[in-house]
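Remarks on the structure that follows.
Read-outs: derived from the displayed coordinates by stated rules, not from any lab. Since we're looking at a predicted model, the values are computed, not measured. Don't worry about glycine lacking a Cβ; one is built from the backbone with ideal geometry, like all the others, and counts go over all protein chains shown.
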4 protein chains.
Amino acid sequence: MSVLRLGFVHIRVTDLEEARNHYTNTMGMKVVHEEPGKLHLKCWDEWDHHSLVLEEGGVGLVKLGYKCKSEDDLVEYEKAAQQFGVRTGRVSKGENLTVGDGVAITLPSDQRIELFTDIEYGGTETGALNPDPWPRDQRGIAARWIDHALIPAEDPATVERFFTEVLGFHAAERAITNPSNPELLGSWLSCGESPHDFAVVKGPNAKLHHFAFFLEDWNAILRAGDIMSMDDVSIDYGPTRHGITRGTTIYFFDPSGNRNEVFAGLGYRTGPDFPTISWTEDQIARGIFYIQRELNDTFMSVFT
Amino acid sequence: MSVLRLGFVHIRVTDLEEARNHYTNTMGMKVVHEEPGKLHLKCWDEWDHHSLVLEEGGVGLVKLGYKCKSEDDLVEYEKAAQQFGVRTGRVSKGENLTVGDGVAITLPSDQRIELFTDIEYGGTETGALNPDPWPRDQRGIAARWIDHALIPAEDPATVERFFTEVLGFHAAERAITNPSNPELLGSWLSCGESPHDFAVVKGPNAKLHHFAFFLEDWNAILRAGDIMSMDDVSIDYGPTRHGITRGTTIYFFDPSGNRNEVFAGLGYRTGPDFPTISWTEDQIARGIFYIQRELNDTFMSVFT
Amino acid sequence: MSVLRLGFVHIRVTDLEEARNHYTNTMGMKVVHEEPGKLHLKCWDEWDHHSLVLEEGGVGLVKLGYKCKSEDDLVEYEKAAQQFGVRTGRVSKGENLTVGDGVAITLPSDQRIELFTDIEYGGTETGALNPDPWPRDQRGIAARWIDHALIPAEDPATVERFFTEVLGFHAAERAITNPSNPELLGSWLSCGESPHDFAVVKGPNAKLHHFAFFLEDWNAILRAGDIMSMDDVSIDYGPTRHGITRGTTIYFFDPSGNRNEVFAGLGYRTGPDFPTISWTEDQIARGIFYIQRELNDTFMSVFT
Amino acid sequence: MSVLRLGFVHIRVTDLEEARNHYTNTMGMKVVHEEPGKLHLKCWDEWDHHSLVLEEGGVGLVKLGYKCKSEDDLVEYEKAAQQFGVRTGRVSKGENLTVGDGVAITLPSDQRIELFTDIEYGGTETGALNPDPWPRDQRGIAARWIDHALIPAEDPATVERFFTEVLGFHAAERAITNPSNPELLGSWLSCGESPHDFAVVKGPNAKLHHFAFFLEDWNAILRAGDIMSMDDVSIDYGPTRHGITRGTTIYFFDPSGNRNEVFAGLGYRTGPDFPTISWTEDQIARGIFYIQRELNDTFMSVFT
């Protein structure tokens, strides 16, 4: 396991100032760098330079960056990806602001991910010397960090296979049509101990379903919902509990229509020996929205 | 203020055994008396003999019982009700199991309420000597008490006037069409310090919208939602926050289709000098479901 | 029951600027009026003009103000108090800022309380038209309201009798030496539906043990504790749960040494028919600090 | 990182039946195997055969078992440990019930740890097919898993060096005398993403300070505290917040005097690139008990 975590999300937004307002005043991120048409932001508990890049013009995913442990790993991942048969390329230091050399991969489902090891250190807002447990002057929802992303894919099984065989992820949970002759409908994949750092569900290629901000617990989810109401944020679904991952959640949209999630709770601690959980097709609605056991239309049909 | 609280709810259920399972195993009530076609139940933190009567045959409200402080008050309420112009009658001791003499009133919107002062003392499950804060052997959702009921009325203003002028309630919150020439759409009325012991909204006469169980807090709401999923309870809406009362909530149905609510949170402390809160028509969805700011169809159209 | 609630607490502080910092930046109150040597403050969810008066010079209680429903009640309370045999006097409109005529009473234990009905209306910070559940720009602990006060008395039984017989309070909980031949050690008295608006325990006359700020729930208690650490507030005891009232709590001191409490949770709903809970002497430590079942020295010996 | 987590804790207890009652009825574990003088237990969310071994006779630590990813790793760890200069040995399959071959290491501070890769699979109580988020029939505190252990050492720096250099742990937080010429007072070490899987503080060799059970959140901590009071468990300290790890906590003793902790909260997500947090000596009390900023005597002096 040398992929450490989702390092950054890079998306397009139709209006940069509306997006700035949403991600700073509502979500509580901080702008760490700005240039014409582009903003770099981070959450208060993240120590890398940034975790979100907003680029003006359109909507949807540009790419996901996954941080890895060592440069040797990058080389191995590149080789394994080529053997797997996906398109790869090199990313030079500085192409991503403050980020070192990396490897670009076009997933079998056509989204772009980039692997990197170096990024400028920014430090968390509580610091590394006798820190308080949270910063006194929090903004809005005060999201702690960007936690995971979920993408749709016409063939989720191949994407899952890529993440497990090439990048060493393990599936914490899987949704399948039926146990006897299963077709994969979705997979929640971890590169460490949290339930998912990446997930894929059946849907159109080259799109994003959502990326998620981590919150402390169910109380923080309520507070987030209150702030979304105060700030007129468009809700997709929630608050509720996920069966899959046990997390608690609200799905909502940024002003451009990119879907965000606030996700809370260390549901369980996973790892390479974690017994992968299976959800059968008849129970998938319960797996997604555990309390209501029903899926709403927008959640199933809106991708950006 | 001598109406103390909602004392009991008496409803019809289509199947008594399904209802028993719902109100005991899911909601956590205890059967305190049973006879053919009828069950009397109470919650663990209630000390009166019962708070819920289930009668087999059909669905919907039979009556609401409000407990009053003194018998003198009953006489005064009866007189005032007659002057108000509603139908009243006497209830003899024993007509309601273990309940003393009372006054029956047909509301202007045709629901029946009964006022009483005496009911057999049952004691809470934690007792009155060196009690634990909660009983160790809780069942299911472990609802604390029945808290309030909401009824629809073709003319909610007259029902509100009845509760304030005759019974001494005060409106904690009111929903109106617009501030300049207001028509009343709903009123949340308190006989003491909690935000509401009774509420009325525009809708058909002679029906019930829901009655609510009190839970400790937002965490208990999540736990309740989890149990509803485990027990295949049909959810109407939630979990969410109310703007009106600030409470947190899930609406759901018992197996017969009577709507229940779990309601949590001492949003504020009201009283006769509480400055009544107004909600204007354009903000009512936010008043009802604060986070989502949208009303679902069933919530607005299903009455029993 | 026409005493509505604890209306204001008036205390002495050694340094007004330190006290201002504590009650505003840490506790989250707002200064509504200031004059040389004196501050008037209120919490965000209180609608009366003020709930706390700080007077420079010394430490300890000046008086407690209890708000009543009607002026007729004031006259009756005055008469009953005189018959009870305590010293009473009249308070003229304006003696307390924005407060109307009132009655002053010297308790049998020598603390001064004042009863009043009128006080200037200030409004809560969320307002009375389509309000949010909490104000977006909260300060520090963001206490909701001042909830109750506890005083020591050499003869708590007489103080209890005064509050029940003269002012119509009811004892929600009582601590006694032993059930067979009980001596009263403490009484938690309510004028409405909350577990206590006033409490008395055995101790020296003419002193204050603490006054309490109401918070939403156990999560707000943790957040309050965190802020006390950030602001170097001196902790007396907690966080913990009370057996008595079921509330959750932290006791701490303002910079002058006056003991404050943050208290959370609607443990139960009381009323005139509430079955008074008894705690026996051997269980009192558990009644006070339910989890630890031990009392600390300062809690038992520091009065101001 | 191929040490996965703390796999089991093996301790001595003076009375096996008292211990059984504590770890099952109070803590919520389940006995998975019993034989004369010995019990094997697991928590509801653990899938390995057991996580706790109780052996009758005395009190204190027998050994800690850390689960590793592969047998190749065991060989490497053994070699590295020998080079480090600690005593090592081989553990044969079956010496620990259902556990495969392993490596025993005597730490520089004389506690015994064992590394292993195989242990019989037991499954969690919610299962791996369409699972509920928690088991409906929970017992007592319903601890989720055993999370970490803390040992004292005369020379904590050498123990820290052993865990980082030999076993690949990284220090999430460190307590030092002063930044300019630091002596190590304590180290909180992670083998994955949680703040600590092992910790060491200055103290006597060959002893245990505590081992900890993981709970969901601060609400679960309160519920645990309530149950400890109901079951007359001896509390050492808490509930409170840790500055170090940000976790919330209660320390308490099992009937034999072994110290347990309930620990909650995913304070942050660590990893090899986590910027190690330093606590200076003057702030250590705040680091340990963040709210109170004071250490109690028993916490500092009782080791078993």
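Among D:THR177, D:THR270, D:THR26, which one shows the highest mean-square fluctuation when chain D is modelled as a Gaussian network with alpha-carbon springs under 10 Å?
D:THR177
Provide the descending list of Cα extents for the stretch A:145-288 along its principal axes, expressed in whole angstroms.
Principal extents (Cα only, largest first): 47, 31, 30 Å.
I'd like the mean, over residues of D:185-195, of how many other protein chain beta carbons sit within 10 Å of each residue's own Cβ.
Numbers: counts 0, 0, 0, 0, 0, 1, 1, 7, 12, 5, 0.
For peptide D:185-195, the averaged partner shielding equals 2.
Size of the dipole of the protein assembly as shown about the Cα centre, Lys and Arg at +1 and Asp and Glu at -1 on the beta carbon, nothing else charged, in debye to 20?
Details: 112 positive and 184 negative charges, 0 e Å.
Using Cβ point charges on Lys, Arg, Asp and Glu, the protein assembly as shown gives about 0 debye.
Measure of size requested: the Rg and Dmax of the protein assembly as shown, with Cα atoms as the atom set and Å as the unit; please supply both.
That works out to 31.1, 97 Å for Rg and Dmax.
Taking amide H atoms as placed 1.01 Å from N in the peptide plane, list the residues 5 or more away in sequence, or in a different chain, whose amide H sits under 5 Å from that of A:GLU46.
A:GLU125
Can you check what the net charge comes to around C:ASP217, using other residues whose Cβ is under 9 Å from the Cβ of C:ASP217 (Lys, Arg +1; Asp, Glu -1)?
On the way: positive: none; negative: B:GLU216, B:ASP217, C:GLU216.
So the environment of C:ASP217 carries a net charge of -3.
Fewest first, what order do A:SER190, D:SER180, A:SER278 take by the number of other Cβ atoms within 10 Å?
Values: A:SER190 27, D:SER180 6, A:SER278 19.
With the fewest neighbours first, A:SER190, D:SER180, A:SER278 line up as D:SER180, A:SER278, A:SER190.
Describe numerically, in nm with one decimal, the distance between label points set 7 Å from Cα along Cα→Cβ at C:LYS69 and at C:PHE84.
1.8 nm
Using a 7 Å offset from the Cα along the Cα-to-Cβ direction at both C:LYS38 and D:GLU165, what is the distance between the two label points in nm, to one decimal?
About 7.1 nm, to one decimal.
For peptide C:219-228, what's the mean number of Cβ atoms from other chains within 10 Å of each residue's Cβ?
Details: counts 14, 1, 4, 13, 5, 1, 7, 9, 4, 4.
Going residue by residue through C:219-228 and averaging, the value is 6.
Once amide H atoms are placed 1.01 Å from N in the peptide plane, what residues at a sequence separation of 5 or more from B:GLU173, or on another chain, have their amide H within under 5 Å of its amide H?
Long-range HN contacts for B:GLU173: B:TRP188, B:ILE277.
Suppose R0 equals 51 Å; then what is the FRET efficiency for D:ASN25 and D:ASN205 from their Cβ-Cβ distance, rounded to the nearest 0.05? Provide the component values of the computation, followed by the final result.
Details: r = 34 Å, r/R0 = 0.67.
Efficiency, rounded to the nearest 0.05: 0.90.
Tell me which trypsin sites (Lys or Arg not before Pro) from the stretch D:29-105 have a DSSP coil assignment and no more than 12 other beta carbons within 10 Å of their own. Present the calculation step by step, with values, prior to reporting the outcome.
Numbers: sites: D:LYS30, D:LYS38, D:LYS42, D:LYS63, D:LYS67, D:LYS69, D:LYS79, D:ARG87, D:ARG90, D:LYS93; in loops: D:LYS69, D:ARG87, D:LYS93.
Here the trypsin sites (Lys or Arg not before Pro) that fit, given the DSSP loop and packing criteria, are D:LYS93.
Explain nothing, just compute: Karplus ³J(HN,Hα) = 6.51 cos²θ - 1.76 cosθ + 1.60, θ = phi - 60°, for every residue of the stretch C:98-113 in order, whole Hz, x for Gly and Pro.
After applying 6.51 cos²θ - 1.76 cosθ + 1.60, I find 6, 9, x, 4, x, 10, 9, 10, 8, 5, x, 9, 6, 7, 9, 10 Hz.
Averaging the inverse of every distinct alpha carbon separation and then flipping it gives the Kirkwood radius. What is it for the stretch C:3-116, in angstrom units?
Numbers: mean 1/r = 0.0675 Å⁻¹.
With all distinct Cα pairs of the stretch C:3-116 included, I get 14.8 Å.
Just to be sure I understand: with springs between alpha-carbon atoms less than 10 Å apart, which residue in D:HIS210, D:HIS33, D:HIS49 has the highest mean-square fluctuation in the Gaussian network model of chain D?
Looking only at D:HIS210, D:HIS33, D:HIS49, the largest GNM fluctuation is found for D:HIS33.
Mind giving me the FRET efficiency for C:VAL62 and D:ASP118? R0 is 45 Å, r the Cβ-Cβ distance, nearest 0.05 is fine.
On the way: r = 72 Å, r/R0 = 1.60.
Efficiency, rounded to the nearest 0.05: 0.05.
Per-residue HN-Hα couplings for the stretch B:288-304, Karplus 6.51 cos²θ - 1.76 cosθ + 1.60 at θ = phi - 60°, whole Hz, x for Gly and Pro?
Using θ = phi - 60°, the values come out as 7, 10, 4, 6, 7, 6, 8, 9, 8, 4, 4, 4, 8, 10, 8, 10, 10 Hz.
Give the average, rounded to an integer, of partner chain Cβ atoms located within 10 angstrom of each Cβ in B:239-247. Provide the component values of the computation, followed by the final result.
On the way: counts 11, 8, 7, 1, 6, 3, 1, 8, 1.
Neighbouring Cβ atoms belonging to other protein chains average 5 per residue here.
Note down the net charge around D:ASN260, summing +1 for each Lys or Arg and -1 for each Asp or Glu among other residues with Cβ under 10 Å from its Cβ. Show your work: numbers first, answer last.
Working: positive: D:ARG259; negative: D:ASP236, D:ASP254, D:GLU261.
Net local charge, D:ASN260 excluded: -2.
Excluding A:PRO36 itself, what net charge comes from residues whose Cβ is under 12 Å from its Cβ, given Lys and Arg +1 and Asp and Glu -1? Before the final figure, lay out the partial values.
Working: positive: A:LYS38; negative: A:GLU34, A:GLU35, A:GLU55, A:GLU56.
Net charge in that neighbourhood comes out at -3.
Quick one: how many lysine pairs in chain D have C-alpha atoms under 24 angstrom apart, if they're 8 or more apart or on different chains?
Lysine pairs meeting both conditions in chain D amount to 24.
Which three lengths, in whole Å and largest first, does chain A cover when its Cα atoms are put on their principal axes?
Result for chain A: principal-axis Cα extents of 53, 45, 41 Å.
Can you tell me which of B:80-86, D:218-224 comes out highest on packing, and rank the rest after it, using the mean Cβ neighbours within 10 Å? Could the numbers behind the result be given before it?
Values: B:80-86: 15.1, D:218-224: 24.9.
Order by mean packing, descending: D:218-224, B:80-86.
Would you kindly state how much longer the chain becomes between C:THR14 and C:THR106 on full extension, computed as 0.36 nm times their sequence separation minus their alpha carbon distance, in nm to one decimal? Please list the in-between numbers first.
On the way: separation 92, 0.36 × 92 = 33.12 nm, distance 2.42 nm.
Separation in residues times 0.36 nm, less the Cα-Cα distance, equals 30.7 nm.
Amide H of A:ILE141: which non-local residues (sequence gap of 5 or more, or other chain) have their own amide H closer than 5 Å, using H built in the peptide plane?
A:MET27, A:GLY28
With a cut-off of 16 Å, note down the residues of the stretch C:132-147 whose backbone N falls inside the zone around a label point 7 Å from the Cα of B:GLN283 toward its beta carbon.
C:132-137
By count of other Cβ within 10 Å, fewest leading, how are C:MET300, D:MET228 ordered?
Numbers: C:MET300 12, D:MET228 26.
By the 10 Å Cβ count, ascending, the order reads C:MET300, D:MET228.
For C:GLU281, place a label point 7 Å out from Cα along the Cα→Cβ vector, do the same in each other copy, and report the separations in nm, one decimal, smallest first.
Copy-to-copy label distances for C:GLU281: 4.8, 6.8, 7.4 nm.
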